[in-house]
1. Out of all the residues in the range 1-19, which are out of contact with any Ser or Thr (no Cβ under 7 Å at 6 or more places or on another chain) and either acidic (D, E) or open to solvent by less than 30 Å² (accessible area, probe 1.4 Å) (or both)?
2. Residues that are more than 16 Å from P2 (Cβ to Cβ), out of contact with any Ser or Thr (no Cβ under 6 Å at 6 or more places or on another chain), open to solvent by 60 Å² or more (accessible area, probe 1.4 Å) and assigned to a loop (DSSP other than H, G, I, E, B): does the range 39-54 have at least one?
3. I'd like to verify a number: residues in the range 55-70 that are within 12 Å of I7 (Cα to Cα) and outside any helix (DSSP H, G or I), how many?
4. Is it true that some residue in the range 69-77 is in contact (Cβ under 8 Å) with a residue 40 or more places away in the chain and open to solvent by less than 20 Å² (accessible area, probe 1.4 Å)?
5. Given the condition among the basic types (K, R), at pLDDT 95 or above and either assigned to a helix (DSSP H, G or I) or surrounded by fewer than 17 Cβ atoms within 10 Å (Cβ to Cβ) (or both), answer yes or no: does some residue in the range 20-32 qualify?
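The values are calculated or read from the model by the stated rules, or taken from the named source; none is laboratory data. What you see is a predicted model; the values in this text were computed from it and never measured. For neighbour counting, all protein chains shown are included, and Cβ atoms are generated from backbone atoms with ideal geometry for every residue, glycine included. SASA here: full protein model, heavy atoms, side chains in, ligands and nucleic acids out. Shrake-Rupley method; radii C 1.70, N 1.55, O 1.52, S 1.80 Å.
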Amino acid sequence: MPVIENIHQKVFEAVSVPKALDMGNWHTCKTTHGRAGWVVTLAGEEGLKLEEETSTLFAALQIYHKSNPAVPVSPVRFYDTNQKAMEDMERCAKLEAQ
């Protein structure tokens with residue numbers, strides 16, 4: 001199972017780039033993803049392999065859980081609007097930084 005050190009901070013940093021977040025799709029292109037797509041992408045080859053063997057949603061949930069079980073992410077958060085997702089990812093990044 002891939003582990004991303006400081007996962008919440010890294011995901012928030014990645015989605016903070018203009019046009020990097022599209023919650024309507026797991027993967028839009030190499031630089032635009034939904035929340036789950038970013039988690040899988042940031043996990044590298046191991047993340048992509050897990051995604052291929054299962055699903056984007058399952059892979060992202062497992063990577064989040066393995067990387068930081070202290071700041072859990074509900075599966076419903078992968079279906080938020082861009083604005084709601086950004087708010088939640090910022091919240092998680094701040095909690096992780098404490």
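1. Keep residues of the range 1-19 that are out of contact with any Ser or Thr (no Cβ under 7 Å at 6 or more places or on another chain), which gives 1-2, 5-6, 8-18.
Result: P2, E5, H8, V11, E13, A14, V15.
2. No: zero hits.
3. 3
4. yes
5. No: the range 20-32 contains no residue that is among the basic types (K, R), at pLDDT 95 or above and either assigned to a helix (DSSP H, G or I) or surrounded by fewer than 17 Cβ atoms within 10 Å (Cβ to Cβ) (or both).
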